[in-house]
Amino acid sequence: MTDVLMDLPPDPILERRRVIQETASKKIGRRQLNSRILSGVFGLTLVLSLIPLVSVLATLIKRGVGVISWGFLTHDPIQPTLINQNAVGGIGNAMVGSLVVDGIAALVAVPLAILIGLYLAETESRTANFMRAITEIMTGLPSILLGVFAYIYIVLTMKAYSGFAAIVAITFLMVPVITKAAETAIRGVPHTLREAGLALGARNSKVSRGVILPVAAPGLITGVLLSLARAVGETAPILLVIGISGRTDWNPFHQMSALPLDIYQDSASGYASQQQEAWGIALVLVVAVLVLSLGSRFVAARMRREQR
Amino acid sequence: MSMTQDELNPTRDTEPITNGQSAVSTLTPPAMRLENVSVSFNGRTAVRDCTFNVASNRVTSLIGPSGSGKTTLLRSLNRLHDLTRSAKVEGKIMLGDIDIYGGSLPPTLLRSRIGMVFQRPNPFPTMSIYDNVVSGLRFNGIKKKALLDEAAESALISAALWDSVSSRLKAHGSTLSGGEQQRLCIARALAVEPEILLMDEPTSSLDPISTQRIEELMVELKNRVTIIIVTHNMQQAARVSDDCAFLLMGEDRAGELIEFGPTTKIFNDPSDPRTLDYIQGRFG
């Protein structure tokens, strides 16, 4: 019996299986080592990338937290003088300025950008491709150019610096960012949902509004909040056009102030108290941006969970 | 449809019908007529020259191997190819006496008269069970709460889903099992009270028990709606359909209608040897 078996040629499949399994077990130690090394490298890069973030945050907190109080956030600034060097007042004017400029810009940019994103996601035409290219170019545009644009077309035309000109610049900054996010989010909605809507006799626009946009909502909200976070921190586009105002003013057709602008001005001041104030504003700004970006992740994750 | 109605009907089809279903006359006007229907994408024909009648209140199955153009043909019936720019539908498709590509009936109105159930359950994920069922009505501009409630209940009962979901209509559609989701999609399509229901391999992603329930449902739904089903499961076609169209990919890779007739005839005594080969499982 065994003799007969020995005489048979070896089964090529069994032979191959033996070689594969032997090689695999010989190499396993090496593979596990590689895996550990790479995990270590990735862990290290994580730590490295956290260093700047943590150190910026730590410095801001150390230097800025002492300045912050309710009064600091709500009162108007007081220009320090040689006699009263520590009078800085607050940043109420800049808070209101940022709120008005970024708020109104968002109100205009969000619906506009979502409509453009919807159009780009749902049509395949030359016009759409052209608009997509424009959007991409605008995303990469140095933001100071938007300030120049607003300066030429708004400030020079109206012969006045104003919050309005800043709103225009920030709107143009936000639209391409949200458009890109909206297009991606809408393209991610399964095509079969659109077909299901159309198969019920719905018009395209109704399917977009009733089915596609709600499903894409987490992505849209992320895009909106991230673009807001970017807009809040932008100095360049508003620097040229907003003018300057030391008083709280809700009217966007007047000159205004804004948080990043105040950092820029106060940090260049000769008074230690104003430099101190710049740290405080920087902390406020970073917290605002962190809240917006972490908030966007939280909201999006929650909405995604609800859709499951 | 009650027996007495059938007995009163002098033009009753005397041919033996599968499943012991009450016979509905093939002489009553067909729900849909296809005349030399071809569909092409970018000039390449996907399915060619299909001519057959879809009888009212019966189940018509489209069978054939992959690539024979079953789904392509089905999607031409509610003008879903309109979404694909490269798609072109030729020939004539009549819904009653309206040529659906003739321009007199807007595609949205056509689609509210011809419902569709897709291969994979696709309930709207942001909507509750109730909102899913009435979505078609809302899309078509119906807002009256009483009408919506009534339609939702009726559709869910017809889709054999009412008992399990009536207490949680506000829950998300995605909380249901795959089979229940597909029945939700059937209810959603039925709520618009379509004359015809297109089903594109509606059980291909479901387990055998869910499949069985949906097959039973199709037979029950016949008196409410005319059903056209694409399936690559021949047993399913034999079990549920009254009429059967067999398609096959031709030499130029375009699907062609090989044979059309009562399901019993197609499965027991086909006229074309290719049909027999396919039925007997020699290929495909």
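The values are calculated or read from the model by the stated rules, or taken from the named source; none is laboratory data. Treat the numbers as computed from the prediction; the structure is a model and nothing was measured. A quick note on method: Cβ atoms are made from the backbone with ideal geometry, for glycine too, and the neighbour counts reach across all protein chains shown. Note: areas computed on protein heavy atoms with side chains; ligands, DNA, RNA excluded. Shrake-Rupley method; radii C 1.70, N 1.55, O 1.52, S 1.80 Å.
Counted by Cβ distance under 13 Å from A:Asp76, the other residues give a net charge of -2, where Lys and Arg count +1 and Asp and Glu count -1. Placing one identical point scatterer on every Cα of the protein assembly as shown and ignoring solvent, what is log10 I(q)/I(0) from the Debye formula at q = 0.07, 0.08, 0.10 Å⁻¹? The computed values of log10 I(q)/I(0) come out as -0.66, -0.78, -0.96.
Rounded to whole numbers, the Karplus 3J(HN,Hα) couplings from phi for region B:140-148 are 8, x, 8, 10, 4, 4, 4, 5, 4 Hz, using 6.51 cos²θ - 1.76 cosθ + 1.60 with θ = phi - 60°, and x at Gly and Pro. With the convex hull drawn around the C-alpha atoms of region B:26-78, the volume per residue stands at 83 Å³. Distance between Cα centroids, region A:265-308 to region A:155-189: provide it in whole Å. Each part's Cα centre sits 20 Å from the other's.
The H on the amide N of B:Gly255, modeled in the peptide plane, is under 5 Å from the matching H of B:Val47, B:Arg48, B:Gly250, each at least 5 residues off or on a different chain. Taking N as the number of residues in chain B, what is its Cα Rg relative to 2.2 N^0.38 Å? That ratio works out to 0.99.
Take every DSSP beta bridge whose two residues both sit in the protein assembly as shown, then give the antiparallel share in percent to the nearest 5.
Approximately 60 percent, going by the DSSP bridge assignments.
Over region A:114-273, all Cα pairs binned in 10 Å intervals from 0 give whole-percent P(r) values of 10, 30, 27, 19, 10, 3, 1, listed from short to long.
Each Lys and Arg contributes +1 and each Asp and Glu -1, all at the Cβ; summed about the Cα centre of chain A, the dipole is approximately 700 debye. Using all pairs of distinct alpha-carbon atoms, the Kirkwood hydrodynamic radius of region B:155-266 works out to 15.3 angstrom. With protein chains left intact and a 1.4 Å probe, residues in the protein assembly as shown average 50 Å² of accessible area per residue.
Using just its DSSP H runs of length 4 or more, each adding -39500 (n - 2.57), chain A gives a mean residue ellipticity at 222 nm of -24500 deg cm²/dmol after division by all residues. Compared with the dominant principal axis of the Cα atoms in chain A, helix A:272-307 is inclined by about 40°. Look at the alpha carbon pairs under 8 Å that are at least 6 residues apart: their mean separation over the length of chain A gives a relative contact order of 24 percent. For region A:164-248, the Cβ-based charge dipole about the Cα centre amounts to some 180 debye (Lys, Arg positive; Asp, Glu negative; other atoms uncharged).
Identify, among A:Ala196, A:Met174, A:Thr184, the residue whose Cα sits farthest towards the positive end of the charge dipole of region A:104-212, taking +1 on the Cβ of Lys and Arg and -1 on the Cβ of Asp and Glu, with the dipole about the Cα centre. Result: A:Ala196, furthest along the dipole toward the positive end.
Measuring between their Cα centroids, region B:83-152 and region A:48-100 lie 58 Å from each other. Sequentially through region B:78-88, phi angles give Karplus couplings (6.51, -1.76, 1.60; θ = phi - 60°) of 10, 6, 6, 5, 4, 6, 9, 5, 7, 7, 9 Hz, Gly and Pro residues having no value and appearing as x. The angle between the Cα long axis of helix A:92-122 and the longest principal axis of the Cα atoms of chain A comes to about 40 degrees, rounded to the nearest 10.
In the protein assembly as shown, taking the dipole from charged Cβ atoms about the Cα centre, the farthest positive-side position among A:Val101, A:Gly223, B:Ile114 is held by A:Val101. Checking the Cα-Cα distances for A:Lys206/B:Lys70; A:Lys206/B:Lys144; B:Lys92/B:Lys222; A:Lys180/B:Lys170 against a 27 Å cut-off, the pairs over it are A:Lys206/B:Lys70; A:Lys180/B:Lys170. If you run the Gaussian network model on chain B, springs between alpha carbon atoms under 10 Å, then out of B:Ile129, B:Ile93, B:Ile258 the most flexible one is B:Ile258. In sequence order, region A:77-87 has phi-based couplings of x, 10, 5, x, 10, 4, 7, 10, 6, 9, 6 Hz under the Karplus curve 6.51 cos²θ - 1.76 cosθ + 1.60, θ = phi - 60°, and Gly or Pro positions carry x. The aspartates and glutamates within cross-link reach of B:Lys145, meaning a Cα-to-Cα straight distance under 20 Å and a gap of 8 or more places when in the same chain, are B:Asp131, B:Glu153, B:Glu193. Taking amide H atoms as placed 1.01 Å from N in the peptide plane, the amide H of B:Tyr101 lies under 5 Å from those of B:Ile93, each 5 or more residues away in sequence or on another chain. Mind checking which of A:Gly233, A:Gly246, A:Gly29 has the largest fluctuation in a GNM of chain A, springs on alpha carbons under 10 Å? Its mean-square fluctuation being the largest, the pick is A:Gly29. Its Cα centre serving as origin, region A:1-100 has a Cβ charge dipole (Lys and Arg +1, Asp and Glu -1) of approximately 280 debye. Divided by 2.2 N^0.38 Å, where N counts the residues, the Cα radius of gyration of region B:56-214 comes to 1.07.
Mind telling me which of B:Thr226, B:Thr71, B:Thr108 comes out most flexible in a GNM of chain B, alpha-carbon contacts under 10 Å? In this elastic network of chain B, the residue with the biggest mean-square fluctuation among B:Thr226, B:Thr71, B:Thr108 is B:Thr108. Compactness of chain A is given as radius of gyration and Dmax, 28.6, 112 Å, from Cα positions. What number, rounded to the nearest 500 deg cm²/dmol, is the helix-based mean residue ellipticity at 222 nm of chain B, given -39500 (n - 2.57) per DSSP H run of at least four residues and division by all its residues? The helix-only estimate for chain B comes to -9500 deg cm²/dmol at 222 nm.
For region A:1-131, the calculated P(r) over all alpha carbon pairs, in 10 Å bins from 0 to the bin holding the longest distance, is 9, 12, 13, 14, 16, 13, 8, 7, 4, 3, 1, 0 percent. Across peptide B:122-135, the average count of Cβ atoms from other chains found within 10 Å of a residue's Cβ is 4. Accessible surface buried by the A/B pair amounts to about 1900 Å², both sides summed, 1.4 Å probe.
Normalised Debye scattering of region B:80-128 at q = 0.20, 0.21, 0.22, 0.29 Å⁻¹ gives log10 I(q)/I(0) of -0.86, -0.91, -0.96, -1.23, counting only Cα atoms as equal scatterers and leaving out solvent.
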